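**Student:** Below you'll find the structure I mean.
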Amino acid sequence: MKLLAIVGTNADFSFNRLLCQFIAKRFGDKAEIEVAEIGDLPAFYKEGQADARVTAWREKVDQADGLIIATPEYDHAIPAALKSALEWLGSHAGSKVMAYKPVCVVGVSLGGQGASRAQEDAREILLAPDMTANVLPGNELLIGRAYSSFDKESGDLVDEASIAQLDKVMEAFFAFVDQAKK
Ligand SMILES: Cc1cc2nc3c(=O)[nH]c(=O)nc-3n(C[C@H](O)[C@H](O)[C@H](O)COP(=O)(O)O)c2cc1C
């Protein structure tokens, strides 16, 4: 099973990137998980033609059996960079790669709510007619208090409750992707 763990931001430093890297490390024996960046994609615009970066991005998504999207929360929504990266994948941009693609939404924030509103925003976008992704229901992973949840040296997720929840969510997602492949 091939999965992409998408860092939902163009930030140089990101706890959500640390989460993607941790997921790739922890579940590397269960799936081939590549951490994917969106920071070098051009901003979406409606009349825009896909350049080499956008084409490569679409191909990467197309070839994955499932996507894990780790989103920060910016003003109670997903960051603009993530919205733009998703727009390039939508049917209005001439792409069908998101249609029924299994997607798991996760997120990390500095406060206590674990990017909950951004995650809801992401799910709503993913279910839009332009996307029609196959979003894993339930199975929320809300990692708050990022500074104490991640180890300062290794960057690993160390909060035990979050790790236990992550294990449950990933187990559900592996089964979900398997089922979608049948
Ligand atoms: C423009 C901006 C808006 C933000 N808005 C929120 C917010 O609405 N809710 C929240 O919990 N954190 C908010 N934050 C703080 C983020 O949770 C914090 O920057 C977090 O580290 C972002 O994730 P990252 O480390 O993966 O980049 C905001 C940060 C920025 C830069």
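**Student:** Where in the stretch 25-43 is the amide nitrogen less than 15 Å from a point lying 7 Å along the Cα-to-Cβ axis of residue 153?
**Tutor:** Correct set: none at all.
**Student:** On to the next question. Hey, could you get me the Stokes-Einstein D for the stretch 122-173, Kirkwood radius over alpha-carbon pairs, 10 °C and 1.306 mPa s, rounded to whole µm² s⁻¹?
**Tutor:** 124 µm²/s
**Student:** Give me the Å³ per residue figure for the convex hull around the C-alpha atoms of the stretch 2-181.
**Tutor:** Hull volume normalised by residue count: 106 Å³.
**Student:** For Cα pairs less than 8 Å apart in space and 6+ apart in sequence, what is the mean separation divided by the residue count of the chain, i.e. the relative contact order in percent?
**Tutor:** The value is 21 percent.
**Student:** For the stretch 31-182, build the charge dipole from Cβ charges (+1 Lys, Arg; -1 Asp, Glu) around the Cα centre, then report which of 81, 112, 158 sits farthest towards its positive end.
**Tutor:** About the Cα centre, the residue reaching furthest to the positive side is 81.
**Student:** Rounding to the nearest 10 and keeping the result within 0 to 90°, find how far the Cα-based axis of helix 160-181 lies from the longest principal axis of the chain.
**Tutor:** With rounding to tens, the tilt is 30 degrees.
**Student:** In which sequence would 153, 87, 120 go, from the one with the fewest C-beta neighbours within 10 Å to the one with the most?
**Tutor:** The order, fewest Cβ neighbours first, is 153, 120, 87.
**Student:** Separate question: Kindly provide the helix-only [θ] at 222 nm of the chain, computed as the sum of -39,500 (n - 2.57) over DSSP H runs of four or more divided by all residues, to the nearest 500 deg cm²/dmol?
**Tutor:** That comes out to -11500 deg cm²/dmol.
**Student:** How long is the stretch 89-169 along each principal axis, judged by its Cα atoms, biggest number first, in Å?
**Tutor:** Computed over the stretch 89-169, the largest-to-smallest principal extents equal 43, 22, 22 Å.
**Student:** Let me ask something else. Among residues other than residue 3 whose Cβ falls under 9 Å from its Cβ, what is the net charge (Lys/Arg +1, Asp/Glu -1)?
**Tutor:** Around residue 3, the surrounding residues sum to -2.
**Student:** Now a separate question. Which of 54, 135, 108 moves most in a GNM of the chain, Cα contacts under 10 Å?
**Tutor:** Residue with maximal mean-square fluctuation among 54, 135, 108: 54.
**Student:** Go ahead and set up a Gaussian network model of the chain, Cα springs under 10 Å, then flag whichever of 22, 13, 44 fluctuates most.
**Tutor:** 13
**Student:** Another question, then. Could you give the size of the charge dipole of the chain about its Cα centre, using +1 on the Cβ of each K and R and -1 on the Cβ of each D and E, expressed in debye and rounded to the nearest 20?
**Tutor:** 360 debye
**Student:** Looking at the stretch 64-106, which chymotrypsin sites (Phe, Trp or Tyr not before Pro) are DSSP coil and have at most 14 other C-beta atoms within 10 Å of their C-beta?
**Tutor:** Passing sites in the stretch 64-106 are 100.
**Student:** Kirkwood Rh over Cα pairs of the stretch 1-99 into Stokes-Einstein at 25 °C, 0.890 mPa s: D in µm²/s?
**Tutor:** Estimated via Stokes-Einstein, D reaches 177 µm²/s.
**Student:** For the pair residue 167/residue 132, report the inter-label distance in nm, with labels modelled 7 Å from Cα in the Cβ direction.
**Tutor:** Between residue 167 and residue 132, the simple spin-label model gives 3.8 nm.
**Student:** Within the chain, how many Lys pairs that are eight or more residues apart, or on different chains, come under 12 Å at the alpha-carbon?
**Tutor:** 4
**Student:** Within a 10 angstrom radius of the beta carbon, how do 182, 46, 83 rank from fewest other beta carbons to most?
**Tutor:** So the residues, fewest neighbours to most, are 182, 46, 83.
**Student:** Using amide H atoms built in the peptide plane, which far-off residues or other-chain residues are under 5 Å from residue 36 H to H?
**Tutor:** Amide H to amide H, under 5 Å and 5 or more residues apart or across chains, residue 36 pairs with 5, 6, 7.
**Student:** Moving to a separate point now. On full extension of the chain, what length is gained from residue 139 through residue 181, given 0.36 nm per residue of separation minus the C-alpha to C-alpha distance?
**Tutor:** Stretched out fully, the residue 139 to residue 181 stretch lengthens by 13.1 nm.
**Student:** Sorting 14, 91 on the 10 Å Cβ count, fewest up front, what's the list?
**Tutor:** Least to most surrounded, the residues fall as 91, 14.
Since every read-out is calculated from the coordinates, none of them should be taken as a lab result. Quick caveat: nothing in here was measured; it's all calculated off a predicted structure. Positions of Cβ are backbone-derived with ideal geometry, glycine not excepted, and every protein chain shown enters the neighbour counts.
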